[in-house]
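S.K.: Below is a structure I'd like to ask you about.
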Amino acid sequence: DGLALDQPRVAIEMLTEPESGPQQSLGPSFFNTFLLDTGANGILAAGGIFGGAVSELQDAGMVNVAVYEELGVAGTTLMNVSDAYQFDFAGSDGERLTLPGTRIMSNGALNFGGFHGIVGMPAMVGRTVTMDMTPWSDGSDFYMNVAFDDALPAGAGHRYEVPLTMVSFPQSGQQNPDDPLPTWAPLPFVTARAEFGGKSLSGNFLVDTGAQLSILSSDLAFGIGLDQDGDGNFENEKETEIDVGGIGGTVTVPVLLIDKLGMGTYEGPELRWSQRNVAVIDIDESIDGIIGMDLLTSGWFEKVFVGTGDDGMFSHVHFDFLDVDGGVGTMVFDMRSDLDDVQYDGDVNGDGKVDGLDANAIALAWLGDDPET
C-alpha cells in the first residue's frame, strides 16, 4: 500500500495530582487526539494550528520545570518538561486509564499534522494493546480501533507471534544534572531481515507505530546492495524521495524498493513482505531499521478508499507488553484465514516438507530423464 493507511490514536487529559488539593483538569479539551507510538520513549504535546495542545495545557496552568533535548527522526529538539501530573488516556471504547506522577515533554513549535501529541511506551508498559482493523471491513469507521487490556485477546486460529526485545535508552538529553527527567519507558525491537538481489542481512529493527513507512539504515541498505552502481549514494536507485518530519525538523530521504522484509515467529514460519518501499535514514547507531505501520496495515488500501476488494492481510495486530520488566514483549498478527498458507523454502516436490525427496527431485531435474547421463 506504500504508506500506512492509519495509525493508532488515543484521547488524553491531564489533571493535577489528587494529593495537591481539589483536582483540576488541564485539558486539552479540543486538541486531545494523540498518536499512540511504540517508537517513543515518552509523552509529547505539540503545537500546530492555534497553538494546539501546548497552548491549551499552558493556558490551563501546566507548569514546566526543566528542558530536555529529545532525539527524533530528523535530529534533536529542545523540549519543555512538565511538573508531575495525572495523565489519563483512553482507546476507542473511552475507558479511562491513568498514569500518576507523569512528566510530559512539550514544544509549541512542533506540528504532527492530524495528531496533537504523542503517547509513547509509558502508557503501554504492563498492558496489551490491540489495533483492530475490522471496522474497515464493513465501513463502520474510517479509523482503526484501539483497545487496552491486561491479557492478550483470544485469536481465531490464524495467529503468528513475533518475539520482541525491550531496549532501554539512556536519558541523555538532560540539560542540568538536577533537572527532573521526563517519564520514560523502553522501546520494542525485533530481529528483521532485509533482502535485495539475493543478498540479505538481519538487524535490530525498532517497531514504530509512529512511522508511516518502514526504514533501513544506510549501513544495512549498502550491505544488501541497494547502491547498485557503487557510487556511494542511492540517487540513481531511488524510486522517489519524501520529506520526513517530526522531532528534530524535516529531512528529505530516498525511498527504495527491496525484494523482501521478514520477521521470524514463535510458530516457525517467517512473515515476509515482498516488494516493499523503504526509506533510508540514519537515526541512531543502535537502530538498523524501523518496522513501520505500512507493514501492519498491509492490503487494506482498496477496501478503505475504494470500498471494494478483499480485507487486508491482518484483522488485528496486538502488542503484549505485560513483561516489559523482564525485557521481552510480543507482536501478534491475526492473519486473514485464506492467506495463511505457509510456503517452504526448498520444498521442490511440493509435499510440504523439506527433506531428501527434494534433493532427489533436484538431482533428477538437473540430470534429465536418464540418470545415467
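The values are calculated or read from the model by the stated rules, or taken from the named source; none is laboratory data. This is a predicted model, so every value here is computed, not measured. Glycine gets a Cβ as well: all are built from the backbone with ideal geometry, and neighbour counts include every protein chain shown. In case anyone asks, the SASA skips ligands and DNA or RNA and just uses the protein heavy atoms, side chains included. Shrake-Rupley method; radii C 1.70, N 1.55, O 1.52, S 1.80 Å.
S.K.: Quick check on this structure: which one of Asp334, Asp340, Asp311 is in contact with a strand residue (DSSP E or B) (Cβ under 7 Å, 6 or more places away or on another chain), open to solvent by less than 70 Å² (accessible area, probe 1.4 Å) and more than 30 Å from Ala221 (Cβ to Cβ)? Let's see the steps before the verdict.
M.R.: On the way: Asp340 fails: in contact with a strand residue (DSSP E or B) (Cβ under 7 Å, 6 or more places away or on another chain); Asp311 fails: in contact with a strand residue (DSSP E or B) (Cβ under 7 Å, 6 or more places away or on another chain).
Asp334 is the lone residue from the list that is in contact with a strand residue (DSSP E or B) (Cβ under 7 Å, 6 or more places away or on another chain), open to solvent by less than 70 Å² (accessible area, probe 1.4 Å) and more than 30 Å from Ala221 (Cβ to Cβ).
S.K.: For region 169-181, state whether one or more residues are open to solvent by less than 20 Å² (accessible area, probe 1.4 Å) and either over 21 Å from Asp294 (Cα atoms) or in contact (Cβ under 8 Å) with a residue 40 or more places away in the chain (or both).
M.R.: In the first step, residues of region 169-181 are kept if they are open to solvent by less than 20 Å² (accessible area, probe 1.4 Å); the result is 173.
Those still in the list that are either over 21 Å from Asp294 (Cα atoms) or in contact (Cβ under 8 Å) with a residue 40 or more places away in the chain (or both) too: 173.
Yes; the residues of region 169-181 include at least one that is open to solvent by less than 20 Å² (accessible area, probe 1.4 Å) and either over 21 Å from Asp294 (Cα atoms) or in contact (Cβ under 8 Å) with a residue 40 or more places away in the chain (or both).
S.K.: For residues that are among the aromatic types (Phe, Trp, Tyr) and farther than 22 Å from Met166 by Cβ, tally how many sit in region 29-45.
M.R.: Within region 29-45, the subset among the aromatic types (Phe, Trp, Tyr) is 30-31, 34.
Still in the running and farther than 22 Å from Met166 by Cβ: 30-31.
Qualifying residue count, region 29-45: 2.
S.K.: Here's a follow-up. Between residues in region 194-220 that are open to solvent by 10 Å² or more (accessible area, probe 1.4 Å) and residues that are among the basic types (Lys, Arg) and at pLDDT below 95, which pairs lie under 9 Å by C-beta distance while being six or more apart or on different chains?
M.R.: Glu195/Arg272
S.K.: In addition: Of everything in region 234-263, what is more than 20 Å from Ser274 (Cβ to Cβ) and open to solvent by 60 Å² or more (accessible area, probe 1.4 Å)? Give them in sequence order.
M.R.: Hits for region 234-263 are Glu235, Asn236, Glu241, Asp243, Thr250, Thr252.
S.K.: Here is a follow-up. For region 153-199, enumerate the residues that are within 29 Å of Tyr85 (Cα to Cα) and aliphatic (A, V, I, L, M).
M.R.: Met166, Val167, Leu181, Ala185, Leu187
S.K.: Would you be able to say whether some residue in region 290-298 is open to solvent by 50 Å² or more (accessible area, probe 1.4 Å) and either assigned to a strand (DSSP E or B) or not small (Gly, Ala, Ser) (or both)?
M.R.: The answer is no; no qualifying residue exists.
S.K.: Would you check which residues across region 322-333 are under 9 Å from Met166 (Cα atoms) and touching a Gly at 6+ places or on another chain (Cβ under 9 Å) and list them? I'd like the intermediate steps shown before the answer.
M.R.: Applying the first criterion (under 9 Å from Met166 (Cα atoms)) to region 322-333 yields 324-329.
Of everything in region 322-333, those that are under 9 Å from Met166 (Cα atoms) and touching a Gly at 6+ places or on another chain (Cβ under 9 Å) turn out to be Val324, Asp325.
S.K.: Do the conditions hold for Gly91, that is, is it open to solvent by less than 40 Å² (accessible area, probe 1.4 Å), closer than 24 Å to Phe333 by Cα and small (Gly, Ala, Ser)?
M.R.: Answer is yes for this residue.
S.K.: Show the residue pairs that are 6+ apart or on different chains and have beta-carbon atoms under 9 Å apart, the first residue being within region 65-77 and modelled with pLDDT of 85 or more and open to solvent by 30 Å² or more (accessible area, probe 1.4 Å), the second being assigned to a strand (DSSP E or B) and of a type in the set (A, V, I, L, M, F, W, C).
M.R.: Val65/Val81; Val67/Leu78; Val67/Met79; Val67/Val81; Glu69/Leu78; Glu69/Met79
S.K.: Right, here's the next one. Scan Asp59, Asp93 and give me the residue that is under 15 Å from Ser25 (Cβ atoms) and not aromatic (Phe, Trp, Tyr).
M.R.: On inspection, the qualifying residue turns out to be Asp59.
S.K.: Moving on to the next point. I'm trying to understand the selection: among the residues of region 94-109, which are open to solvent by 10 Å² or more (accessible area, probe 1.4 Å), under 22 Å from Gly246 (Cα atoms) and of a type outside the set (Gly, Ala, Ser)?
M.R.: Arg103, Asn107
S.K.: What number of residues within region 283-310 are at pLDDT below 95, more than 20 Å from Pro122 (Cβ to Cβ) and among the charged types (D, E, K, R)?
M.R.: Result for region 283-310: 4.
Condition check ((1) modelled with pLDDT under 95; (2) closer than 29 Å to Gly173 by Cβ; (3) not aromatic (Phe, Trp, Tyr)) across all residues:
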site	(1), (2), (3)
Phe89	no, yes, no
Ser106	no, yes, yes
Leu110	yes, yes, yes
Gly113	yes, yes, yes
Gly120	no, yes, yes
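S.K.: Same structure, new question: Considering Ile224, Ile242, which residue is out of contact with any Phe, Trp or Tyr (no Cβ under 8 Å at 6 or more places or on another chain) and β-branched (Val, Ile, Thr)?
M.R.: From the options Ile224, Ile242, the qualifying one is Ile242.
S.K.: Which of the residues spanning region 47-64 are at pLDDT below 95 and either at negative phi or within 19 Å of the chain's Cα centre (by Cα) (or both)?
M.R.: Listed by number, the residues that qualify are Gly47, Ile49.
S.K.: State the number of residues belonging to region 8-38 that are in contact with a helix residue (DSSP H, G or I) (Cβ under 9 Å, 6 or more places away or on another chain), open to solvent by less than 20 Å² (accessible area, probe 1.4 Å) and not aromatic (Phe, Trp, Tyr).
M.R.: 10
S.K.: Just give me the residues in region 272-287 being of a type outside the set (Ser, Thr, Tyr) and in contact with a Leu (Cβ under 9 Å, 6 or more places away or on another chain), in sequence order.
M.R.: Passing the criteria: Arg272, Trp273, Gln275, Arg276, Asn277, Val278, Ala279, Val280, Ile281, Ile283, Asp284, Ile287.
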